[in-house]
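To start, the structure under review is shown below, and the notes come after it.
The values are calculated or read from the model by the stated rules, or taken from the named source; none is laboratory data. Quick caveat, the model's predicted, so the values are computed rather than measured. Cβ sites come from the backbone with ideal geometry, for glycine too, and all protein chains shown count toward neighbours. Accessible surface areas use protein heavy atoms only, side chains included; no ligands, DNA or RNA. Shrake-Rupley method; radii C 1.70, N 1.55, O 1.52, S 1.80 Å.
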Amino acid sequence: MGFNDKGKAAIVGGDIKNDENEGLELQKRGPSGLKRASTAKLREIFNKYATKDIKGEKYMTSEDFVRGFLGLFPDNNFNEESVYLLGGVADTNKDGSISFSEFQAFEGLLCQPDALYKTAFQMFDKNGNGCVTYTEFANVIQKTELYMKVPFKLDGPFVELYFGRERNRAIPYTEFSQFLHDFHEECALEAFKLKDPSRTGYITALDFQDIMLNVKNHLLTNAVRDNLVQVAEGHKVSFPYFMAFCSLLNNMELIKRVYLNAAGGNRLEPVTKEELLHSAQTMSQITPLEIDILYQLTDALHQNGRIVYTDLSNIAPENYIKKITARLTDIKAVETPADRSAVTAVLESAYRFVLGSIAGAVGATAVYPIDLVKTRMQNQRSGPIIGELAYRNSIDCFKKVIRHEGLVGLYRGLVPQLLGVAPEKAIKLTVNDLVRDKFFDKQGNIPGWAEVLAGGCAGGSQVIFTNPLEIVKIRLQVAGEVVGGAKVRAWHVVKELGFFGLYKGARACFLRDIPFSAIYFPAYAHTKAAFADEDGYNHPLTLLAAGAIAGIPAASLVTPADVIKTRLQVVARSGQTTYSGVIDATRKIMREEGPKAFWKGTIARVFRSSPQFGVTLVTYELLQRLFYVDFGGTRPSGSELQKIGGPAIISSKNDNVDHVGGYRACLPILHGIETKFGLSLPRFQSTLTAEAMKAKKL
């Protein structure tokens, strides 16, 4: 990889060329999937942060770029050398000033699939000639925290293999990327040798912990970090065990795929050691010792001899390309789940209730015309007394409503529906989440019976809102069937029925809503998991599809209860059969109309409930993603990642709106230099360094 002069910069590997004189609006997507920012937008942002002026031309200093634009090293006592090194990733001429061409060229580099390695290479390539010499490498590596903890032998045989015995060989980008990958493993090997000076091939458990905390700390999650001594069982750690442990942590993303292969793609399926070992041998070179260590780690967390996908997520080191959905709010109500209180739990329920209300209103409005057709079809009697049927089928009903009542007729009764559907759907979603939360185990899993129970509780709890809403809505929906009849108002219906009359048919409502939710919510959770991508992320379209598919069995199987409820709640017209209760209605419908009558409106009900709940659930989950508040409880699964073409981007409450195009990936990639290669730079100046800098300025 190489760069030309500041007037023009070319990115060799990405097929993207930027020419300042052309003024082109670059909207191309790089191989990574990130959309390039336009030249005009980048120019505007560059001028905003550039403070250096040379002959009328603006330039950024390293501090402008790193502290001002990227927002890193915000403290006053920042380490100036670290800022200078990081600024060098964009300053390709290494003259201490970043021109607009360099700023734009680096934005293009960040869109490339190997941006992590190229960015690291730019930090070491201090003279900008496209190669790294031994002196450049030593100069940078000696400033890292890794070298301060483990003084690596820079004149040893490992370095000679890459830079030559005389260390006079310059390494190009592709070879340096391999060197950087191998170097950190060599540091771990060197640390083991320092702890084992007599070359016994063993170190103590405490020495093992010390090496992992100092050399491999970037690979350790809290769960692993807290159990390092326990997995070693307090005994000596052999060199093969040490190497296998490091290899396991380096290959956790591969282990996840091995697990999914063994579990048939089901993230909730417990997998035994034998099953995982068999899968590992068929698709990778994961060793039996690494599998043993994996199960030792999981057994330290929960002793059941099996693992599920969440175990791997708890062990896997943080990935620099981990991304979360872009957020409009990012509020942390508690620092840790341990700080969660009863008040916090109440606030979480209120938060879910508000979002559920909005989601319910959106879902109900989207499918209300279908609901009206369903109601009229279910109320249509086919007994011998009634005579000719008003509607042949649901489509005929839809056409006649438009013909005789206009488009407004399709939304007859919508206002009371919206007034009631908000608390109805909100309480259903909130109660389902609340009950599910009580049954999650430490692995983040919930048994099937608990899912059904949570759904049933949700369905039963909503009836207090559902029944009054349904009876008013239904009477308004069927009112349009009587030509020339008096206009029916929602308030008149409420006044006529009275408080207890609003709960007429409540038993049938229970018979419908409890089994519906008991079927729907577990089906939705499992369908959503099946539609998640290999990273466990659910795109909004998969959420919509999961919600719609789960609604098909739930809506169709409870149609008989819905028919009975509808018959009990409508006002029977002259000559129509009346019903005194659920059992009476069941007997009379069976006797007069046959068993097929119980399935009237099934198609309309499915076409209404499936999309309604699909829209409601996708709205509910997207609202939780957009208006993120961390109460220390559970989050909807599949909501932690955001895809942008290829890789995904870290988003946080400190996101800078000026990080456009490739710069959206800049902070994750700089973070990845630490988490993947362990090349952490000091944040603060030491007292000695600070005094030296002060003297230099004086």
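Observations
- Most to least packed among 157-166, 186-195, 428-437 [average Cβ atoms within 10 Å]: 428-437, 186-195, 157-166
- Length-normalised contact order of segment 163-316 in % [C-alpha pairs under 8 Å, at least 6 apart]: 23 percent
- Measuring r between the beta carbons of K94 and L189 and using R0 = 45 Å, the FRET efficiency lands at 0.90.
- Distance (nanometres) between label positions extended 7 Å along Cα→Cβ at E166 and Q576: 10.2 nm
- For L154 and S556, the FRET efficiency from 1/(1 + (r/R0)^6), where r spans their Cβ atoms and R0 equals 60 Å, is about 0.25.
- Nonlocal amide H pairs with V629, under 5 Å, H built at 1.01 Å: I331
- Modelled spin-label separation between D226 and E175, with each label point placed 7 Å from Cα along the Cα-to-Cβ direction: 4.7 nm.
- Between E274 and R591, the simple spin-label model (points 7 angstrom out along Cα→Cβ) gives 6.2 nm.
- D562 accessible area, 1.4 Å probe, all protein chains in place, Å² to nearest 10: 0 Å²
- Solvent exposure of segment 236-302 as accessible area per residue, Å², 1.4 Å probe: 43 Å²
- Packing rank of 592-598, 407-413, where each peptide gets the mean count of other beta carbons within 10 Å, highest leading: 407-413, 592-598
- Heavy-atom SASA rank of K55, K216 (probe 1.4 Å, accessible area, largest first): K55, K216
- FRET efficiency, S247 to I464 (Cβ-Cβ, R0 60 Å, nearest 0.05): 0.55
- In terms of distances greater than 28 angstrom between alpha carbons, the cross-link table entries K126/K256; K149/K676; K400/K596 yield K126/K256.
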